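Take a look at the structure set out below.
The values are calculated or read from the model by the stated rules, or taken from the named source; none is laboratory data. Note that the structure is a prediction, hence the values are computed from the model and not measured. Virtual Cβ from ideal backbone geometry, glycine too; neighbours counted across all protein chains shown. Quick note on the areas: whole protein, heavy atoms, side chains included, nothing else; ligands and nucleic acids left out. Shrake-Rupley method; radii C 1.70, N 1.55, O 1.52, S 1.80 Å.
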Amino acid sequence: ACGGEDSGAEPEKLDASADLTKQSITVSNWAGYMPEDIADQFEKATGASLSATEHATNEEIMAKLTAGGDSGIDVAFVSGQYAQALNEAGLLEPIHEDLVPNLDNLYAQAGELAYDKGNHYSVPYTWGTTGICYRSDLVDPAPTSWNDILDPDPAYDGKITMLSTERWLALPAQKALGYSVNTTDDAELEAMKDKLVEAKKHLLGYDDTTFYEKLISGEAVMTEAWDGWCGYGMAENPDIKFVVPSEGSDLWTDTMVVLKGSENKEAAFAFVNMMLDPEMHAWVTNNVYYNVPNEAAAEFVPAELKQQFPQLDVTPEQLAENEGLIDLGEDSTKYTELTTDVTAS
Amino acid sequence: MFLGPGLAFTAVFVAVPVLLVLSYTVFDRGRFGGVEYDFTLDNFTRAFEPTFRKVLVSSLGIAAAATAIALAIGYPVAYAIAKLPERWRSLVLVLIVIPFWTNFLIRTYAWIVLLNTQGVLNDALVGLGLVDERIDLLYTRGAVVAGLVYVYLPLMILPIYASVARLERELPEASADLGGSRFATFVRVTFPLSLPGVVTGCIFVFVPSLGNFVVPELLGGGKTVMVGNLVRDQFLKARDWPFGATLALIMVVLLVALFALQSVVSRRFSVEAGR
Amino acid sequence: MTEPLLKVRGLSAHYGDVHALRGVDLDVGDNEFFALLGPSGCGKTTLLRSVAGFELPEEGSVELAGQDLLALPAHQRPVNMMFQSYALFPHLSVEKNVGYGPARAGLPKQEVAARVAAVIDTVGLTGLERRRPSQLSGGQRQRVALARAIVNQPRLLLLDEPLSALDRNVRAQMQLELKRLQHEVGIAFMVVTHDQEEALSMADRVAVMSDGQVQQVAAPQELYRNPANRFVAEFIGRSNIFEGVAASGGLAVAGAGTLPGQGEGRFLVVRPEDVTVSVRSSGSRGVLTGRVLETQFSGGTTTVAVTPGGVATVSGQPLLVTQPGFSTLQRGDEVDLSWSESVARIVA
Amino acid sequence: MTEPLLKVRGLSAHYGDVHALRGVDLDVGDNEFFALLGPSGCGKTTLLRSVAGFELPEEGSVELAGQDLLALPAHQRPVNMMFQSYALFPHLSVEKNVGYGPARAGLPKQEVAARVAAVIDTVGLTGLERRRPSQLSGGQRQRVALARAIVNQPRLLLLDEPLSALDRNVRAQMQLELKRLQHEVGIAFMVVTHDQEEALSMADRVAVMSDGQVQQVAAPQELYRNPANRFVAEFIGRSNIFEGVAASGGLAVAGAGTLPGQGEGRFLVVRPEDVTVSVRSSGSRGVLTGRVLETQFSGGTTTVAVTPGGVATVSGQPLLVTQPGFSTLQRGDEVDLSWSESVARIVA
Amino acid sequence: MRRSGLGFLWVALVGCLLFLYVPIATVVVTSFNSGKSALNIKGLSLRWYGELFDDPDLGHALLNSLTVAVGATVFSTVVGTMLAVGLVRFARSTVLDAFVMAPAILPDLMLAIGLLAFFTWLGLPLGLGTVTIAHAAFGTAFVVAVVRSRLVQLDGSLEEASQDLGAGWATTFVRITLPSVAPAVLAGALLAFTLSLDEFVIAFFTNGPDSPTLPIEIYSRVRFGVTPEINALASLLLLVSVVAVVAGAVAFRRTERER
Ligand SMILES: Nc1ncnc2c1ncn2[C@@H]1O[C@H](COP(=O)(O)OP(=O)(O)OP(=O)(O)O)[C@@H](O)[C@H]1O
Ligand SMILES: Nc1ncnc2c1ncn2[C@@H]1O[C@H](COP(=O)(O)OP(=O)(O)OP(=O)(O)O)[C@@H](O)[C@H]1O
Ligand SMILES: NCCCCNCCCN
Ligand SMILES: [Mg+2]
Ligand SMILES: [Mg+2]
């Protein structure tokens, strides 16, 4: 149904002066990842109407976008390596830089991301890393290494969760073993599998979505976590802390992409542009506690916030030290199988 | 005339879709999902690789355990209901059915609330001094089995009840009359004659248990994977439809074998046949 | 009768508010063919089930050959029952159905097999041993039910409406068969039926029940000839009944003078075949006069319905007269009716 | 009979391999009460349903008052049917059930109402107009079924086992009722039954069927007295039948000399009530001798079964003799049997 | 007079009812929690019921579910009733029966992936429309099952009687057949409706992104954590089903008595 061969074709001509009031778009995003009144704001700003839908995971939105039928979606929020895959599948509209002047607000590092150097088909929305989110009052000493959750002190048995999405499920083992986050080497994958199978015995469960609640309730004391979501826990309980283990971690990026199938691309780019508006973009940091790659937005983030959520107190340089995730093409099934092997063990 | 629209509808929206997706089992997956129409039997080879074989076996185990427990609970309960005086019978039946008319997800969710380490059951266990420390009840294989038993138990009770209730009062009496003790009567008359209900109940529990993905996901904490999860993941995550279809086909083949067994048993033991 | 086999005394039973048995007394002799006859709901089944052990009566006693039956649970009582619906085990073959009792009694396999074979032969089912009940005709099923009950050599066999599931023709044949078998196996039979013809033609003695009580126990001819009361007279056979007061040589009935009859009570019973009917000729004079309403031929006999003059039967129905063969009487004929004192009974 | 109302000629019908009707010829007169009698499966229902229009026979003709019925679909035939199960519409009141036909015929509402009221009155259901069938007794339902059929004023009313759903007692009463109503409404009735007593007591004429063919059509007494063949003789009433060859004054039967009788054929039929039985005294000599096997009293008459000496009936069963009242005969008595030439028929 | 000797079976019965109701009761009780956790009770309040009513997403989801259920029920009832009549009166065949009943017997997941593949293959946009078709597919089978079993019991001579009384084929269907099976048609419709309202798996696969049905909404919420708002929703749904079941039972008893 789909192929990557036309990804390099000439971009469609778009009319910068199109009448947006006649256009409407559907945007699919993670729940709570943008202001609730976004539709009103968008209509006020551009005159176009917007309907927002939600997806819970990258896989869910990918399934919808690649199913072959008309997904009905104009703009989707997906993580970087998925944007890369969508592009290879020929589903993405190249970014029309002339319609997104706010691209200039981004940090230089945001143009150097491994999955899409130069942001040809995706625009970074948030970025961050993955680490351990834990209860400092219940864990002593504080975790510093991925091995602290992979092979924990027996006292923490059954009180640890890990992320279940393929690449992040693999991450702790990858880093603990010193491999690339994008490795496709069979021997390395085998070693990771053994380590992860071993680690599974100590887990309470795999959890992508509610790990911070488990920390708050005390069901869990250490969780593999994305930096921003750990913030949800911190906001409720100051004893919750975030640490990036010494072995290092990944650099993930959530991006905005415009679908080739969109019938209102002018409005779609207008939306992308609006999201890069400094004040708008700072909303994400202030409310969702994720870092945004937007230099101009920095001034709208209060200093106290960085104290409460230390993971927000990082520079683009520091973030960029981590290895960026990219799509692995045909080899991505290796991670699917790794995940099945581990979870079904 | 009467049949036309319905048959056409069923053909188009049931037969064709099922055949379509089953035809995918002999094709390759596309790089970005979808199907490449190159004939291959790889999907079947893969389905029996250790990982997937293990999932198949463990799903069968979980579904079988849930079925066995549901039977162990359901049989005495169905039998008791059949023995209740008339006016209590319908009330109890309604009580058994009410949870079943409650949303399936909510019934599953109820067990999260119940089994949590910080939940009611742990509160009770600690409070009663039965355990020193809160124990892990949720996110275990046991929790998955318990959840399946819980959501499908009425489907076990109702058919068994129907077959026990239909059993004429006179047959057990005839057994007693001929010298059969209560135990002999149960083993030799009541139970064999309720077998069609038992088999139907087992199928009603086993089929949806085997294909379930919500209960293992919510109560198994992602640590317990069943065929249903694999099929769902192949379709909605890994985008490998041919392989997902293959797993589903294997599941359906197993179930068809069960149905065949059921029709044999009902034919042998049905009470009507004795009339 | 010497010492009876079954002795029922003062048996009473309730279902909630319903008083199903009200002090039943009854004796059944060894080797006797005994029938319980009565209208629907009179308590026949309840009585039988109480003897079998499926109902627990509140009062009274049931003894079998001197043993207190009520103290035993159903499966230990030395009586067997043949159920109305036969209650054959649908999942077992004929052989297994018949062998069920002996097997439960713990007999060795070989003896079970031998007994089963013998009984199957007695009831004429040889060759059908492996069939399931569903593969048998109604008559064959009945025989399996009988075989299953008698193979246990009970002292008393209880049969609840054993023939009611059969259609009329098969039924007549089965009645004979049942009687033959009872002779052959020499077990006392206690049969429930609500079909009087069946009871009268099969049983040695009949208990007529109504409303939870036994009205009369007697041999069939005795019941017919000497009904104990109006209920029995009406229930057994067809009868013409008049109400009146005692008078010498009969019963004084308003509008008819004294009707001839013997006995004591308010009701006079005369059977249709005991009434003579003849076309009124100027000279003749019968017990009553009347006018022919209808004649009905039913193969072998003709029943003449007569509206009696000046008097009514208790049922308000016409008076019935049965004649062998055909009747030459026509609707509207004026007739004389007569009977002799000795054939009419006066009862309570 | 002048020109018949219903004329059936050469009617044949199959269900797959089953030959249900094999060339049936039949006439039913205006205003006649006609019964179809025969054993189960002989084709009675098929014949009735062919007339009603629910079966389409392959051969033959059915005419009603000269009109070819087979050319019309069921709902246009001027006959009505009363179904065995009554087939009352459970969701409609008595009134609506009865009015269903007139309403379909497009009669004005007022006329429908008037007709319905009249018929409801005829069958004695006044006051029950608003009830649903479920709120009626068996007898009342039957009357509704009848009312619903006759309100359409059909020329011919077909009734399939109209009484078989009733229990024995109600049944006798309903037979009388049905006959009375037929008189009253003056419609020809064609009734199917497999109960000979019912057929004989109700019908003006009876057709005896077997195996898809009509064996004899005659008035009840004629059927009983002059059966056309052995089948009819055996089927109607009880009979003693011997096989032999024609001889003067009777039938020569092996081992018994010539048995008295009239007619032509191989079988001699004598009815139980036509046989005289007496204890053998040295001097007397009957037609046959025998030994009493059993006596069975059944309220009003006694049947004596006698094993005849030196000869057997065609059925191999004992010879039956019916006597009014009781018999003083005992099992084992040696008896003489006799009958007169005029009461015994020789048939094919 | 007769013994009811349930013996130890009482224990089984009561134990089973506890097993069925304790989890549900837990959900109901915690729905009144004033605190933010569904797990430990801080105090009693109706706070979460308030939040529930202020939550437009749940309202939309409920509306979506009702839309689907009504559409699927209307279709299933009409087509299913016709099918049942056809199967019983005109074309008795076990093969056809099995074919028509298949969607009720097939595992949900099988039907779900089949329809997903099929809709995708046709290029139909996934949404409430496709969910409605999917729900009509199994709803029809359930309506057939219910109506058919009634029709089989229905005395076939009713229809013949109607013809005998002068009604043609169509009149007979409208005036006799349909009214006679009306309770079954209603029961079938109710069944199709409730099954559709509750259905998750098939809807999950055949729905598009922007109009979740109530079960889908519940699913995504449950996955995103345990909050008393869900408990409040669950309690209300439970109340609705209890009322529906009780009302249904009462109505059923009343119609039974009329028969
Ligand atoms: N299980 C029961 N519960 C309540 N009442 C009952 C029960 N069984 C029987 N009865 C009532 O007890 C009375 C006697 O019933 P029983 O069955 O002994 O009558 P029967 O003489 O066998 O009648 P039939 O000829 O109709 O079988 C009846 O009034 C009946 O309605
Ligand atoms: N629908 C049918 N399909 C096949 N055979 C049939 C069908 N209906 C009747 N028959 C056969 O046709 C023959 C005549 O049947 P019919 O119903 O007319 O008999 P009947 O005289 O009414 O019998 P009964 O007294 O039992 O009602 C029988 O052998 C019967 O088995
Ligand atoms: N509530 C916001 C959820 C955002 C989740 N993003 C996860 C991205 C993983 N790379
Ligand atoms: Mg009884
Ligand atoms: Mg018939």
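Points worth noting:
- When E:Phe53 is tested against the conditions (1) of a type in the set (Phe, Trp, Tyr); (2) away from chain B (no Cβ under 12 Å); (3) surrounded by 15 or more Cβ atoms within 10 Å (Cβ to Cβ), the lone failure is (3).
- Filter result for B:Val126 (at the interface with another protein chain (Cβ under 9 Å from one of its Cβ atoms), among the β-branched types (Val, Ile, Thr) and open to solvent by 40 Å² or more (accessible area, probe 1.4 Å)): no
- Within segment B:80-121, the set of residues being free of Cβ contacts under 8 Å to residues at least 12 places away in the same chain, of a type in the set (S, T, N, Q) and within 20 Å of E:Asp198 (Cα to Cα) comprises B:Thr102, B:Asn103.
- Meets criteria (away from ligand 1 (no atom under 16 Å from the Cβ), on the phi > 0 side of the Ramachandran plot and within 14 Å of chain B (Cβ to nearest Cβ)) for A:Gly248: no
- Extreme residue, farthest from ligand 5 (Cβ to nearest atom), among residues of segment A:276-291 that are open to solvent by less than 20 Å² (accessible area, probe 1.4 Å) and in a loop (DSSP other than H, G, I, E, B): A:Leu276
- When A:Thr126 is tested against the conditions (1) surrounded by fewer than 20 Cβ atoms within 10 Å (Cβ to Cβ); (2) more than 14 Å from chain B (Cβ to nearest Cβ); (3) polar (S, T, N, Q); (4) under 24 Å from A:Tyr289 (Cβ atoms), the lone failure is (1).
To keep it simple, each residue is scored yes or no on (1) open to solvent by less than 10 Å² (accessible area, probe 1.4 Å); (2) in contact (Cβ under 8 Å) with a residue 12 or more places away in the chain; (3) part of a strand (DSSP E or B); (4) within 30 Å of C:Arg225 (Cα to Cα).
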| residue | (1), (2), (3), (4) |
| --- | --- |
| D:Val269 | yes, yes, yes, no |
| D:Ser278 | no, yes, yes, yes |
| D:Gly290 | yes, yes, yes, yes |
| D:Thr307 | no, yes, yes, yes |
| D:Ser315 | no, yes, no, no |
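- Single match in E:Val185, E:Val181, E:Val174, E:Val152 (criterion: within 28 Å of E:Ala137 (Cβ to Cβ), at pLDDT below 85, part of a helix (DSSP H, G or I) and β-branched (Val, Ile, Thr)): E:Val152
- Qualifying residue in segment B:130-142 (condition: in a helix (DSSP H, G or I) and among the hydrophobic types (A, V, I, L, M, F, W, C)): no
- Test: residue in segment E:63-77 that is farther than 30 Å from B:Val207 by Cβ and either more than 9 Å from chain B (Cβ to nearest Cβ) or part of a helix (DSSP H, G or I) (or both): yes
- Those residues of segment C:246-261 which are outside any loop (DSSP other than H, G, I, E, B) and in contact with a Pro (Cβ under 9 Å, 6 or more places away or on another chain), in sequence order: C:Gly250, C:Leu251
- When E:Val144, E:Val100, E:Val95 are screened for being facing chain B (nearest Cβ under 10 Å) and either more than 30 Å from B:Phe243 (Cα to Cα) or more than 19 Å from the chain's Cα centre (by Cα) (or both), only E:Val144 passes.
- Answer residue from segment A:18-36, given it is out of contact with any helix residue (DSSP H, G or I) (no Cβ under 6 Å at 6 or more places or on another chain) and within 11 Å of chain E (Cβ to nearest Cβ) and is most open to solvent (accessible area, probe 1.4 Å) among those: A:Glu36
- Check on B:Ile157, of a type in the set (A, V, I, L, M), surrounded by fewer than 21 Cβ atoms within 10 Å (Cβ to Cβ), farther than 30 Å from E:Asn33 by Cβ and within 10 Å of chain E (Cβ to nearest Cβ): no
- Every pair of residues 6+ apart whose Cβ atoms lie under 6 Å, when the first sits in segment E:222-235 and is within 18 Å of A:Gly32 (Cα to Cα) while the second is surrounded by fewer than 22 Cβ atoms within 10 Å (Cβ to Cβ) and among the hydroxyl-bearing types (Ser, Thr, Tyr): E:Arg223/A:Thr209; E:Phe224/A:Thr209
- Sole residue being surrounded by fewer than 17 Cβ atoms within 10 Å (Cβ to Cβ) and either under 22 Å from the mean Cα position of the chain (by Cα) or modelled with pLDDT under 95 (or both), chosen from C:Gly38, C:Gly10, C:Gly43, C:Gly53: C:Gly10
- Test result for B:Leu247, more than 14 Å from chain A (Cβ to nearest Cβ), part of a helix (DSSP H, G or I) and touching a residue at least 24 places away in the same chain (Cβ under 8 Å): no
- When C:Leu64, C:Leu48 are screened for being in contact (Cβ under 8 Å) with a residue 60 or more places away in the chain, within 15 Å of ligand 4 (Cβ to nearest atom) and out of contact with any helix residue (DSSP H, G or I) (no Cβ under 7 Å at 6 or more places or on another chain), only C:Leu48 passes.
- Odd one out for C:Gly265, checked against (1) over 18 Å from C:Thr322 (Cβ atoms); (2) outside any loop (DSSP other than H, G, I, E, B): (2)
- Among (1) open to solvent by 20 Å² or more (accessible area, probe 1.4 Å); (2) in contact with a helix residue (DSSP H, G or I) (Cβ under 7 Å, 6 or more places away or on another chain); (3) in a helix (DSSP H, G or I), the one test that E:Glu160 misses: (2)
- Considering residues of segment B:136-150 that are within 19 Å of B:Leu71 (Cα to Cα) and out of contact with any Ser or Thr (no Cβ under 6 Å at 6 or more places or on another chain) only, the residue surrounded by the most Cβ atoms within 10 Å (Cβ to Cβ): B:Val145
- Those helices (runs of 4 or more DSSP H) of segment A:132-240 in which 3 or more residues are open to solvent by 20 Å² or more (accessible area, probe 1.4 Å) occupy A:166-176, A:186-200, A:211-217, A:227-236.
- Pairs where the first residue, in segment D:163-185, is within 13 Å of another protein chain (Cβ to nearest Cβ) and farther than 28 Å from C:Pro39 by Cα and the second is open to solvent by less than 70 Å² (accessible area, probe 1.4 Å) and modelled with pLDDT of 70 or more, C-beta under 9 Å, 6+ apart: D:His183/D:Phe33
This table checks each residue for (1) farther than 30 Å from D:Arg77 by Cα; (2) more than 10 Å from chain D (Cβ to nearest Cβ).
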| residue | (1), (2) |
| --- | --- |
| E:Ala134 | yes, yes |
| E:Gln163 | no, no |
| E:Ala170 | no, yes |
| E:Val185 | yes, yes |
| E:Ala192 | yes, yes |
| E:Phe200 | yes, yes |
| E:Pro209 | yes, yes |
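- Restricting segment E:223-237 to residues that are under 24 Å from E:Val131 (Cβ atoms) and buried (at least 22 other Cβ atoms within 10 Å of the Cβ), the residue that is nearest to the chain's Cα centre (by Cα): E:Ala234
- Selection of segment A:1-29 for residues being modelled with pLDDT under 50 and part of a helix (DSSP H, G or I) yields A:Glu5, A:Asp6, A:Ser7, A:Gly8.
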